[in-house]
Structures are given as C-alpha cells and as structure tokens.
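For reference, the structure is listed below as structure tokens.
The values are calculated or read from the model by the stated rules, or taken from the named source; none is laboratory data. Remember, predicted model here, so these are calculated numbers, not experimental data. In this analysis, Cβ positions are derived from the backbone assuming ideal geometry, glycine residues included, and neighbour counts consider all displayed protein chains.
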Amino acid sequence: MRNLLKTVLTNKPGWLKASLVCAFFISCGIIQSFQGKNTEPYVLQYPANFGSRFVIPANNPTTKEGVYLGRLLFYDKALSAGNNISCESCHQQRQAFTDGKAFSTGTDGSLTTRSSMSLTNLLWVRNFFWDGRSPGLEEQVKFPLTNEHEMGQPLSESAKKLSQTTLYPPLFAKAFGSSLITEDKILKALSQFERTLISASSNYDHYLAGTFKPTTQQLRGLQLFENGPDPKRGIRGANCGHCHGGVKTFKELFHNNGLDSIAADIGREQFTGQAADRARFRIPTLRNIMLTAPYMHDGRFTTIEQVLDHYSEHIVQSPTLSTFLQDISNEAGGKNLALTKNEKADLAAFLGMLTDSSFISNPAFSNPHLVLNP
Amino acid sequence: MYKPKISKRCIAVLLLFFGVTFSSLAQNTATLSIGGEVTTPLELKLSDLSSFKQVSHKVKDRDGKEHVFAGVALIELLEKAGVTTGAKLRGENLAKYLLITAADGYEVLYSLAEIDPEFTDQIILLATTKDGQPFGTGEGPFRIITPNDKKPARWIREVRSIKVAFAKN
C-alpha cells in the first residue's frame, strides 16, 4: 500500500495525485467509522406491557461498548470541576439512583435548587427534569455536567481531562471508532448507560406476570391506588392511578398536586411561559418509592406517611391546582379524600410492592472503577 | 376579636378576585398551534376564532349532565392550515393522523378521515364556551368535543397543540 502510494505520488500528474490522496484519506475515514460499527448491540430487555413508545436517536445506538464507557463516566469524579463528585454523588444505586436528600451538594459546595430524581426507566421518559424542560437524554446530561450547583465543569474541559488519562482513549475508540474524545461522545456514552437503567422486576411486576401472590393488605392498597372514590356507589379510593397509573407508575403529564397556595418554585411555567402552568411538575414514577425519600421536587416530605396525609387531608387550593384533585372525596360532599388510617397503611403496603431489589443490586449498574482498581 | 374575621373575609375576596383575573388572563394569552403536515402553520388565540363560523352541540359530559358547547368546527381550522382534506383526502393521505396535546401533556389521536365531512356526519368541535360561558381553568380555553364518542376520553381539555402527521411504520 505504501509503495503503491509512493509510486502514484511520484509518477502521476498533479490532479490525479491529489484525488488519489483524497481517496486514500476518505477510505481511512470509512475504516475508522467502520471500527465503531464493530460494536456489539446492547439488547434492552423489558416486559411487553411496558410498550415500546420510546425513541433512541439514530446517531446513538445502544452498544455494549458505549454502555460500559457510559457507566465508567457516570462514576467518574474527573467530570466535576473540583474532582470531588460524580453523577453517583446525587444518584446512588442503593437508593434507586437518588441521594436521600432534599437538596444535593454540588462540586462547589452549593445546593441544587430541586431534589435529585430517581434514574429509573428513563428509556420511556420524553421530557426530562421535574419541569420537563429537556427533550432527550443526550441534551439533558449537559445540565448536571456543567451546572454550577452540580458538576460545574465545561464539556471541553471534561474532554481534555479524559484525553489525558490512559484509561479512556482506547475505550472511546472501542465505542465510537476513534480514540479522539469529544464533548458529543461523552454525552452519548452517558445516555447509553442511562437507557439501560430499567426496573421491571418488583413484586408488582411479578404480580402482573402472575408469579407473585400479594398479601390481602397489598391487594386492598392496589385497589385504593387504582380506584377513584365514589361514595354514592360505596367505592373507596385514593385515585393515585389517575396520575401515577399504568405499569410504569407514571403518566407523562404535568400537574399541580396541591403543595402550596403560592408556589416558591413555579415549575413548568418557567419553561412554557404560560400562567396556566404555574407550579405544575412532571408526575414522577413511583417505582422504588420506598427507597427514594425525601419526596416531591423540593424533598419536603420525609416519609411516605406524610405523602399520604398530604393527598388525603392537606391538598392546597390555588388557581392551577389539578382538576383531578378537586371535588374528590370518600365522603359524600366531602372536601378532601378522607382516607382512614388503615387505608393509608394499605396504600403504603402496596407501594412497598414497587421496590425492585434486583435493580438496586444489579452489578451491571454498579461502580465499575472498583473492579478496575480494587 | 372582630379584626381577624374581617381580614379573613378580605383575604377570601382578594383570593377570589385574583383567581378570576388569573383565569381570564391565562385564557386570553393561551395559544393553540396547528402544525406538522400543513401548508400554513397556525398560532391561534381565543380572539382569532371569532372570525370562523360558530357551531354548537348539546351533549352529555363526564358529569352526566347535558351542556351546550360552542366553538368552531375542527375541520375548518384544518382547512385554514392547508391540511389535505376533502378531495385531497385519498391515497397516502389516508394514513395521516392528528395528535392533539393538552397543557398537561395528555395526548389523543384522531385519523383525518374521522374529522372530514366527506367521511362522517359528525362535526368535531373545537369548543370555546360551555353553556354560554368561557371554560374555567383546567378545561379551556380550547376543548375538543366529539359527540359520537360515547366515552369522553378524547374530548381533550386545555388543548395546546394539534400536530398533523403521517403514520410511519
């Protein structure tokens, strides 16, 4: 090849030389991107009842190499300005990728303005964050990486730092066909890993699959969760399913669930600019909910009992309060849901069925650096 | 003794006042967008709809009671936006649908043929009033009324956008 090139370069007229050199580099380029395509597809596994209403960007297919790289990055403190925090700091596996805090501490010691969210079944989410302001994972991940209250480091700096390691360049080459580390590839690898965080193995899933028999208390809780109250017909309910319904335990809707009369955080309105969106937040998944306290966008409730008390007795009126939470009661003409103490315990028992212990112990989601440097 | 009573009442009146002004304010600024497979994307405010022919339906809502909903025939808005209706609704255009999205993100789907008067006698309405009054918050300013749907789940409230698209498989 080299000889051929040499002969061509010395013997042929200029224009032919030039075009042949071009062709040589183009074919190198093809070989390079071909290497990236030598990757092995990562098969995302989930139950059929989850449905496949999700879109994976065509330019970022999920591959084993990309997912592994993303997992390393997720747990790497080099992506923070002070080399002191990683994604894990606020998203810990044993807490279903939350951190147990109302507000989390960023690289510079300052606090985030909202509570960390569980990273579960993100594959199906279409509008990320509490206010749904981000339309895709690749876009979303720029925020924690660069925001001053989170990891606070420009993407260019992250790419530079990773390029100077011995660990990363070969891994980027395996995942993306070239060892050149770019901002775009960092975002893509992290997103690939995040898509694999699927929780579909709770007792609730086993119950739906017919392989788990709930206790009578759990079954009562499930009924309450799904039913809307109808005192005239003697049906008691908590109506949670209206918003948190379906197998994934969320509907991707934005509602004001009656936390405040005057909201300190205007939620979705900040993004849409529409007054009707005041204090509307995305309905979060309730999967692994027993592991993800404190609750709500500002972590105001520390226990699930407080959450149930809220929905039962403390819904606060405001002009944008969800219509699903108005004029709904277990007592004829009642002003609030009015669940009994036992009913709240039943609901809590059902919510416990959403804990997926295999999700929080899955070695494929754990810190891979510990295996690399034991 | 007397003071707190008065101030409580004052607060109640103030809250009511703000509530009402809020609701009308929010409704006047809200817009409805029609986009996707259209020749003229539209961005409509409540006031823009008065220039269209007004239609009304008396139908039973979710509360089990009959109400008069008035507004504009959805097909007219689609025609204004240049959607392939009428004689053009044939061939591949029969694989087009409308994805209607509400303020809270709720979505429902209609096929074009379900809305076109050459296919159906039912007039699907983009309603702007109920019993002669503008909608309250959480329902308006725009709501779809589909009289022949027995279950009103597609009578979507707080409509924010209508997207015309091809079903791709």
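Scan segment B:96-105 and tell me whether some residue there is surrounded by fewer than 14 Cβ atoms within 10 Å (Cβ to Cβ) and within 14 Å of chain A (Cβ to nearest Cβ). Spell out how you get there, then give the answer.
Here is the first cut: in segment B:96-105, the ones surrounded by fewer than 14 Cβ atoms within 10 Å (Cβ to Cβ) are none.
No, segment B:96-105 contains no residue that is surrounded by fewer than 14 Cβ atoms within 10 Å (Cβ to Cβ) and within 14 Å of chain A (Cβ to nearest Cβ).
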Checking residue A:333 against (1) within 30 Å of residue A:358 (Cβ to Cβ); (2) among the small types (Gly, Ala, Ser); (3) at pLDDT below 95, which test does it fail? (1)
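Name the single residue that is nearest to the chain's Cα centre (by Cα) among those in segment A:210-243 being under 21 Å from residue A:350 (Cβ atoms) and within 14 Å of chain B (Cβ to nearest Cβ). Lay out the reasoning, then the answer.
Filtering segment A:210-243 for residues under 21 Å from residue A:350 (Cβ atoms) gives A:210-230, A:234-243.
Filter again for within 14 Å of chain B (Cβ to nearest Cβ), leaving A:228, A:230, A:242-243.
Details: A:228: 29, A:230: 35, A:242: 22, A:243: 18 Å.
Filtering first and then ranking leaves A:243.
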Members of segment B:125-139 that are touching a residue at least 24 places away in the same chain (Cβ under 8 Å), small (Gly, Ala, Ser) and more than 23 Å from residue B:114 (Cα to Cα): B:132, B:136
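Output the residues belonging to segment B:105-129 that are within 19 Å of residue B:146 (Cβ to Cβ) and in a loop (DSSP other than H, G, I, E, B).
Initial filter on segment B:105-129 (within 19 Å of residue B:146 (Cβ to Cβ)): B:106-129.
Hits for segment B:105-129 are B:106, B:116, B:117, B:118, B:119, B:120, B:121, B:122, B:123, B:124.
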Out of (1) more than 16 Å from residue B:34 (Cβ to Cβ); (2) in a loop (DSSP other than H, G, I, E, B), the one residue B:93 does not meet is (2)
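For segment A:237-250, name all the residues that are closer than 17 Å to residue A:311 by Cβ and either surrounded by 19 or more Cβ atoms within 10 Å (Cβ to Cβ) or assigned by TED's automatic domain parsing to the domain that holds residue A:52 (or both).
A:237, A:238, A:239, A:240, A:242, A:243, A:244, A:249, A:250
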Hey, residue A:217 hits all of (1) over 16 Å from residue A:322 (Cα atoms); (2) surrounded by 19 or more Cβ atoms within 10 Å (Cβ to Cβ) but one; which does it fall short on? (2)
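For segment A:291-304, state whether one or more residues are away from chain B (no Cβ under 14 Å) and more than 25 Å from the chain's Cα centre (by Cα). Don't jump to the end; show me each part of the working.
Kept after step one, since they are away from chain B (no Cβ under 14 Å), are these residues of segment A:291-304: A:291-304.
Those left that are additionally more than 25 Å from the chain's Cα centre (by Cα): none.
Within segment A:291-304 (the criterion being away from chain B (no Cβ under 14 Å) and more than 25 Å from the chain's Cα centre (by Cα)), the answer is no, since none of the residues qualifies.
Suppose we keep only residues that are of a type in the set (D, E, K, R) and assigned to a loop (DSSP other than H, G, I, E, B) within segment A:316-374. Which one would you say is nearest to residue A:71 (Cα to Cα)?
Step one: list which residues in segment A:316-374 are of a type in the set (D, E, K, R), which gives A:327, A:331, A:335, A:341, A:343-344, A:346, A:356.
Checking which are assigned to a loop (DSSP other than H, G, I, E, B) leaves us with A:327, A:331, A:335, A:356.
Working: A:327: 47, A:331: 51, A:335: 49, A:356: 20 Å.
Among those residues, the one meeting the criterion is A:356.
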Going through (1) in a helix (DSSP H, G or I); (2) buried (at least 21 other Cβ atoms within 10 Å of the Cβ) one by one, residue A:156 fails only at (2)
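Let's see how each residue does on (1) among the small types (Gly, Ala, Ser); (2) more than 26 Å from the chain's Cα centre (by Cα); (3) more than 23 Å from residue A:212 (Cβ to Cβ); (4) modelled with pLDDT under 95:
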{"residue": "A:310", "(1), (2), (3), (4)": "no, no, yes, no"}
{"residue": "A:318", "(1), (2), (3), (4)": "yes, yes, yes, no"}
{"residue": "A:339", "(1), (2), (3), (4)": "no, yes, yes, no"}
{"residue": "A:346", "(1), (2), (3), (4)": "no, yes, no, no"}
{"residue": "A:366", "(1), (2), (3), (4)": "yes, no, yes, no"}
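Residues checked against (1) part of a loop (DSSP other than H, G, I, E, B); (2) over 18 Å from residue A:287 (Cα atoms); (3) out of contact with any helix residue (DSSP H, G or I) (no Cβ under 9 Å at 6 or more places or on another chain):
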position	(1), (2), (3)
A:43	yes, yes, yes
A:53	yes, yes, no
A:73	no, yes, no
A:116	yes, no, no
A:120	yes, no, no
A:132	yes, yes, no
A:143	no, yes, yes
Would you mind telling me which numbered condition in (1) farther than 17 Å from residue B:154 by Cβ; (2) at pLDDT 95 or above; (3) within 14 Å of chain A (Cβ to nearest Cβ) residue B:93 fails? (3)
Going through segment A:244-274 in order, the residues found to be free of Cβ contacts under 8 Å to residues at least 40 places away in the same chain, part of a loop (DSSP other than H, G, I, E, B) and more than 21 Å from the chain's Cα centre (by Cα) are A:264, A:266, A:273, A:274
Segment B:120-154 - residue that is crowded, with 21+ Cβ neighbours inside 10 Å and closer than 13 Å to residue B:108 by Cα and, of those, nearest to the other protein chains (Cβ to nearest Cβ): B:143
Just name the residue that is surrounded by the most Cβ atoms within 10 Å (Cβ to Cβ) out of those in segment A:275-305 that are out of contact with any Lys or Arg (no Cβ under 8 Å at 6 or more places or on another chain) and polar (S, T, N, Q). A:292
Can you tell me how many residues within segment A:316-350 are among the aliphatic types (A, V, I, L, M) and within 14 Å of another protein chain (Cβ to nearest Cβ)? 4
Segment A:320-345 residues that are at positive phi, paired with ones that are outside any loop (DSSP other than H, G, I, E, B) and of a type in the set (Ser, Thr, Tyr) (beta carbon under 9 Å, 6 or more apart): A:338/A:312
